[in-house]
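J.: Pasting a structure below so you can have a look.
No value in this document is a laboratory result; all are computed from the given coordinates. For clarity, every value in this text was computed on a predicted model and none was experimentally measured. Cβ atoms come from the backbone with ideal geometry, glycine included; neighbour counts cover every protein chain shown.
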Amino acid sequence: MNNFQGYIDLLINSYISKNDGTKSFKSFTFLFTRIVFNMKINLVYQILYVEYLSINLKNSNLNNRNHAVLN
């Protein structure tokens, strides 16, 4: 959540820093879309990573079961 607060601060600063209204709005929307895009990619990565971990866990459980049967 701390990372999200940093994004919000970056957006506010980019909006306030320029005096020209149109330029400021363009940079604000550009930053906003970049941040949302990055957050979506991050979320997809986290979901895939959790899937990967669960698959590894299933495989290790199967391996442990096979070793128990063999021994």
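J.: Assuming 0.36 nm per residue, please report the length gained on full extension of the stretch T29 to L53 beyond their Cα-Cα distance.
T.: Once the chain is fully extended between T29 and L53, it gains 5.1 nm.
J.: How far apart, in nanometres, would the label points at I8 and F37 be if each is projected 7 angstrom from Cα along the Cα-to-Cβ direction?
T.: With each label point 7 Å from Cα toward Cβ, the separation is 2.4 nm.
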